[in-house]
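Values quoted throughout were computed directly from the atomic coordinates according to the rules given, and no laboratory measurement underlies them. Just so it is clear, the structure is predicted and the values come from calculations on it, not from any experiment. All Cβ positions, glycine included, derive from the backbone under ideal geometry; neighbour counts span all protein chains shown.
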Amino acid sequence: MYANLELYIDGRFVGKDAARAGEAVTDPATGQTIAELPHAGEVEVDEALAASKRAFASWSIASPLERSSILRKAAQIMRDRLDHLCNVMTLEQGKPLVEARSEWTHAIEIFEWCAEEGRRVYGRTIRSRFPSTEHIVMQVPVGPCAVFTPWNFPALCPARKISAALAAGCTVIVRASSETPGCAVEIMRALHEAGLPAGCAQLLFGPASQLSEQLILAPEIAKISFTGSTPIGKHLMGLAAKGAKRTTMELGGNAPVLVFGDCDYDAAIATLSGAKFRNAGQVCVSPARFFVHESLAERFARDMADYAAGLRLGSGLEADTGMGPLANARRVDAMEEFIADAHAKGGTVLTGGKREGNAGHFFRPTVVSGLPTDAMLFRDECFGPILPVMPFSTLDEAIELANNVDAGLAGYAFTRDLGTARQLMNRIETGMLGINTMAVSTPEAPFGGVGESGHGSEGGTEGLQAYLDTKLVSLAS
Ligand code: NAD
């Protein structure tokens, strides 16, 4: 039912026998080991670097149509084995199967979108001020890329980076999370079967700090893309700076949600309750800090608490599971820290607030009210199923509360007032803003943050631009 875990280097799958001993992968719903993951050593990383450089020489000048056709084929292969892919994801990451299906579908659609968009990479010509001269502006692939993906979206995060890099004509080495390796392996299998030339995409697992340092400092690598926490992102930017390398950084969020007194209340509750507990809150664009107009705040907290108390916790493989386990034991410990701080700061836990069961990493969906602004839940990214609610009275106060953190990935607001919406568009300091919707992540739209949430976009035309350099040719005859 689970994946056969292997590295993918220079067009070959490398299993336990050939690679170094690695680590156990566990099912977060049970804590049981489900597979052994091989690690790459320095030698394998060097092999991958050399292959990436070799492959770039031909892939970067392959026709966009050829690249597109391989990406499309890979997408179709993944579609054909969707049931298996969903099982792999739920087993290693914990999210319910219905969410796994939605993530895989999104990942496949990104492959399809990049396959098409890669055919539309255009340049331009500029009439020169000099006689008999043209300036030609070209968009050329950056070079071999090293990309690092986390455990919360084990298919979507690799898909975004791999498909955009390949569509732009770059080669790519992926270091995927060792905690959720199976989905990245499955993507490599699809690319391999679709006929991707050796070395164009490769997959490594192993100690994060060792691999990232070797890859980022390697002269072969031209660009780095990372999704993960802000502290690690800053560290990797430091390494990239040594070689003056381009970076795309998708770091933590801490999304504010502003619920105004004039909103469609039932729609807001329905949308936000589903979104908050999706993937047990382990989503960088998850609604995190809830500011609700004082006329609605108490009712909102109560309704959310009723919803949370009614969610069935269980293995994501069971059909009636509303929320799965957290992805690892660290997240459960982190939730307990947030709750201890909430108690210390005088908050009221309306529902949840504790772990559940003796096996797996389950934490009850939680709603907390009565906290001051310096509580951890309003300061740090919780990245879990805890929903804090605070009342506000004026638009200015709501905007100030929303902008009161260093992160700036997503933000959300619910209002029927166009004037309010306009104020928010201009004054909320995030890379993405959903007004009466949570739909900020689609294949065709740019996805990215500002401030401590990082820089650069994935998705949309901007996502491809991240893998392209602008080159000027001045041609005189
Ligand atoms: P962490 O900071 O240890 O790791 C975050 C991610 O970076 C993981 O995927 C990890 O494998 C990777 N990583 C760690 N050290 C690395 C290194 N030296 N080089 C390359 N990659 C490295 O934290 P964690 O416990 O795994 O996750 C907790 C926090 O991370 C969350 O609170 C959240 O803020 C953040 N996070 C964000 C996202 C996102 O989608 N932006 C995803 C996962 C985690």
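Structural descriptor for the range 341-405: relative contact order 28 percent, calculated from alpha carbon pairs under 8 angstrom and at least 6 residues apart. Charged side chains reduced to their Cβ positions (Lys and Arg at +1, Asp and Glu at -1) give the range 344-477 a dipole of some 400 debye around its Cα centre. For the range 249-326, the square roots of the Cα gyration tensor eigenvalues, ordered a ≥ b ≥ c, give a/c of at least 1.5 with a/b no greater than b/c, which places it in the oblate category.
Sorted ascending by nearby beta carbons within 10 Å, beginning with the fewest, Ser369, Ser132, Ser393 become Ser132, Ser393, Ser369. Only beta bridges with both residues in the chain are counted; by DSSP, about 45 percent of them are antiparallel. Compared with the dominant principal axis of the Cα atoms in the chain, helix 156-168 is inclined by about 30°.
Evaluate E = 1/(1 + (r/R0)^6) for His84 and Lys471, where r is the Cβ-Cβ distance and R0 equals 56 Å; express this FRET efficiency to the nearest 0.05. According to the calculation, E is roughly 0.85. Of the residues Ile216, Ser102, Leu401, the one whose Cα sits farthest toward the positive end of the charge dipole of the chain, with +1 on the Cβ of Lys and Arg and -1 on the Cβ of Asp and Glu, is Ile216.
On the principal axes of its alpha-carbon atoms, the chain has extents of 72, 62, 40 Å, going from largest to smallest. Shape verdict for the range 129-220, please, from the Cα gyration tensor: rounded (a/c under 1.5), prolate (a/b greater than b/c) or oblate. Judged from the Cα gyration tensor, the range 129-220 comes out prolate (a/c at least 1.5, a/b above b/c).
Residue ranges 95-101, 208-214 sort as 95-101, 208-214 when ordered by packing (mean number of other C-beta atoms within 10 Å per residue, highest first).
Annotation for the range 371-433: trypsin sites (Lys or Arg not before Pro) lying in DSSP loop with at most 15 further Cβ atoms inside 10 Å of their Cβ are Arg416. Taking 0.36 nm per residue of separation and subtracting the Cα-Cα distance, full extension of the segment from Ser229 to Glu336 would add 36.6 nm. Residue separation of Leu217 and Leu418 scaled by 0.36 nm, minus their Cα-Cα distance, works out to 67.4 nm of gained length.
When the pairs Lys95/Lys276; Lys53/Lys223; Lys16/Lys95; Lys161/Lys223 are compared against a 18 Å limit on Cα-Cα distance, Lys16/Lys95 fall above it. Sparse packing (at most 16 other Cβ atoms within 10 Å of the Cβ) combined with a DSSP loop state is found for the following GluC sites (Glu not before Pro) in the range 304-395: Glu318. Once the mean of 1/r is taken over each pair of separate Cα atoms and inverted, the range 311-359 shows a Kirkwood hydrodynamic radius of 12.3 Å.
Within the straight-line cut-off of under 14 Å between alpha carbons, the aspartates and glutamates reachable from Lys471 are Glu134, sequence neighbours fewer than 8 places apart in one chain being disregarded. The DSSP beta bridges internal to the range 93-199 are antiparallel in roughly 50% of cases. Charge dipole of the chain (Cα centre as origin; +1 on each Lys and Arg Cβ, -1 on each Asp and Glu Cβ, all else neutral): 1200 debye, rounded to the nearest 20. If you take the charge dipole of the range 227-347 about its Cα centre, with +1 on Lys and Arg Cβ and -1 on Asp and Glu Cβ, which of Val257, Ala240, Phe290 is farthest toward its positive end? Of the options given, the answer is Ala240.
Once divided by 2.2 N^0.38 Å, the Cα radius of gyration of the range 118-177 becomes 1.65. Per residue of the chain, the DSSP helices (runs of n ≥ 4 H) give a summed -39500 (n - 2.57) that works out to -12000 deg cm²/dmol at 222 nm.
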